[in-house]
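The values are calculated or read from the model by the stated rules, or taken from the named source; none is laboratory data. The model shown is predicted, which means the values in this text are computed figures rather than measured ones. As a convention, Cβ positions derive from the backbone with ideal geometry for all residues, glycine included, and neighbour counts pool all protein chains shown. We work out accessible area using only protein heavy atoms, side chains counted, and drop any ligands, DNA or RNA first. Shrake-Rupley method; radii C 1.70, N 1.55, O 1.52, S 1.80 Å.
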Amino acid sequence: MEKDKFFCNLLRLSWRSLALFSLSVLNLLLMHWSMAANRFLEGELFLYSRVANLLMCVADASMLLMVVLLLTRRVKASLAVTYAVTLAWSFTNVFYARFFHHYLTLSAMGQSGGLTEGLVIDSMLAGLRWTDGWVVLSVTCFVVLFRTTGRLRFSPKVLLTAAATPVIALILVGIVYSAYHLANPMTRHNTVLFKQRLHDIYSTGAKNAVPNFTRFHQGSLRVLASELYDYMNPITLTREQIRKIRNEQQNLALRVSSHSPNPQVKNVVFIILESFLSAPVGLEVDGVEITPFLNALRHKDDVYYNGHIHPNITIGESGDGQFIYMTGLLPLRDVLTVGEAKGHRFPALPDILSQAFGIGYRQIVMPTSPSIWEQESMNVVYRLDRSYSKLDVIGNVAGDLDDEQLFRLATQTDMVRQGKPFFSLVLSVSTHQPYREPVDASLVVGGDLLPQGYRNYLAACRYLDRQLKHYFDYLKREGVYDNSLIVIASDHHAHMDCLGMQGRITTDLPLFIINGNIKQEEAYFGPAEQLDVFTTILDVLQVKSSWHGFGHTLLKRDYEPSVTDDIWTMSDWIVRGHYFDEAK
């Protein structure tokens, strides 16, 4: 009788402990399926994907439980810690992804200072939804189960089970994967395709083109471990890799044209607009032009306009956009590029213009503090002499500078007073998400015909357009407009889910080049890449340099797309392998 009672109690405790553990697995599942439901994954999910994801969630929770068991040697406490960690990790990733559309990486955690900026916090808070109530439901279920579960004794068998579970899960993933592809006619007899699919699912770290898709299949712990390994073991480029980079670097056929530069130009002003799409340019709503100043600008004879620029940013968003424009390289795809690039040498646009074009003064005007997203460190990488930020505004500034404050600050810099040819980089911010409220209610148009997010976005675009006009008026008053090459570009696209415009407008970006002496008959106006802007600027100015970037010039009618798998790979080699550090 006593023996039967013991086994009944043991069975009851085992089921309760399994239920507590299952809540940890459920936390991870909700995180992954939130990414899938929001369409943040880069690939199509199959039956295998769903099975693999479930098994890897079990594996992740088991490995975490095993580590905590070794440290505490208490089963019930270990289950509580495992649950708390998985809940915090899950909710943090869901919250982070609504702003960045990616899982949280170690490199992003290293930028925690940037995550506390008001603009970022506001944007993430704007993503809160009623479905986030699952956290309350999950905690309630765990507390009820935990309080009704008696003491659970630690034994080697418990640890062995925790250790064996992830191994078994990984074996099952391999079996399911093999069975799925052996049953698939496309891959059963195609060894190359089979290996490619195998690489897509199991590769981690450096060369990963589909980081969200990979983590969905591999779980969090393995990818985080891989990222940590890559960070602690920087790659050394082989002779063959260096040879390929140099061959591409020296291939100028699609990077240099016979363009005749504007002899008046001696300065360069580069304005990067935040999350600015091509869609508002030329758009009229309720008979109102959204961007009247830009509309008039693009029709001028001395202006090149292309509204079909494809964004090349990855998980670094604005930092990636700035990196592409300043270096002519593509960003890393699985980690934040600025974290890897800071402290290293790159042939940056301001420095090239200083050496080959006679620029004597280089500055940046930004709406945030210099510390956000490694901006201060990247200013050194780009070789900028002077930085102006919200810290330079006299008086109290609540949050980041709006565009009126920003462009006013830009008119108060030293670029004209220096009396030297200058390079000025200006970063706007007012078209940044969230779009819950308009920057100015009087600028809202569209009525109920458009989603609220898009109406507020268009109001921000109208506001920005006015500030741009004021800044251009300043350049003309100072007598530097006619002798300056002025470039207006966007750092990246606005997220369609924030605008409520999925499938209704494209993510194309605009590009304006003013005073470039660009003839309509010599230029290309079709779909192009962000990567091409760096190369095109050097070509417009006919700058002689050993580095023209990996983009293609837009001053040739026979333009060919510049972004290929090889260019992604070589950009990755250069950034991770510190190619230009060695070249120095």
### Task
Jot down the radius of gyration and Dmax of the stretch 263-369, Cα atoms only, both in angstrom.
16.9, 50
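May I have the convex hull volume per residue, in Å³, for the Cα set of the stretch 347-412?
91 Å³
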### Task
From largest accessible area down, sort Tyr524, Tyr96; use a 1.4 Å probe on the protein chains.
Tyr524, Tyr96
### Message
If DNA, RNA and ligands are ignored and the probe is 1.4 Å, what is the ranking of His470, His259 by accessible area, most exposed first?
### Response
His470, His259
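With the cut-off at 31 Å, tell me which of the pairs Lys390/Lys420; Lys266/Lys556; Lys300/Lys544; Lys390/Lys544; Lys342/Lys519; Lys420/Lys544 have Cα atoms farther apart than that.
Flagged as over cut-off: Lys390/Lys544; Lys342/Lys519.
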### Task
Any chance you could check the Cα centroid distance between the stretch 256-292 and the stretch 304-327 for me, in angstrom?
14 Å
### Message
Skipping prolines and chain starts, which residues have an amide H placed within reach, meaning under 5 Å, of the one on Arg362, given they are 5 or more residues away or on another chain?
### Response
Asp385, Arg386, Phe423
### Message
Over the stretch 210-287, with the other protein chains present, what is the accessible area per residue in square angstrom, probe 1.4 angstrom?
### Response
50 Å²
### Task
Report Ile372's accessible area, 1.4 Å probe, all protein chains in place, as a number in Å² to the nearest 10.
20 Å²
### Message
At 1.4 Å probe radius, can you tell me the per residue accessible area of the stretch 299-372 in Å²?
### Response
27 Å²
#### Entry: Point-to-point label distance, Thr148-Asp301, nm (Cα→Cβ direction, 7 Å offset)
8.4 nm
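Using a probe of 1.4 angstrom, how much of the accessible area of the stretch 213-344 is carbon and sulfur, in percent?
Result for the stretch 213-344: 52 percent of the exposed heavy-atom area is carbon or sulfur.
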### Query
Taking the mean number of other Cβ atoms within 10 Å as a proxy for protection, how do you rank 37-46, 384-393 from highest to lowest?
384-393, 37-46
## Note on the structure
In whole percent, the fraction of accessible protein surface over the stretch 472-584 that belongs to carbon or sulfur atoms, probe radius 1.4 Å, stands at 46 percent
### Task
Could you list which residues have their amide H under 5 Å from that of Val426, counting only those 5 or more apart in sequence or on another chain, with H placed in the peptide plane?
Phe270, Ile271, Ile272, Val365
### Query
Can you give the accessible area per residue of the stretch 41-104, in Å², using a 1.4 Å probe?
39 Å²
### Query
Sorting Trp573, Trp33 by accessible area (1.4 Å probe), largest first, what list results?
Trp33, Trp573
## Note on the structure
Expected sort for 270-276, 399-405 on mean C-beta neighbours within 10 Å, highest first, is 270-276, 399-405
### Query
So what J values fall out for the stretch 329-344 if you push phi through Karplus, 6.51 cos²θ - 1.76 cosθ + 1.60 with θ = phi - 60°, rounded to Hz, Gly and Pro as x?
10, 7, x, 5, 9, 10, 9, 6, 5, 4, x, 7, 7, 4, x, 10
### Message
If I ignore ligands, DNA and RNA and count only protein heavy atoms, how much of Thr564 is accessible to a 1.4 Å probe, in Å² to the nearest 10?
### Response
60 Å²
### Task
Report the accessible area of Phe146, computed with a 1.4 Å probe over the heavy atoms of all protein chains in place, in Å² rounded to the nearest 10.
60 Å²
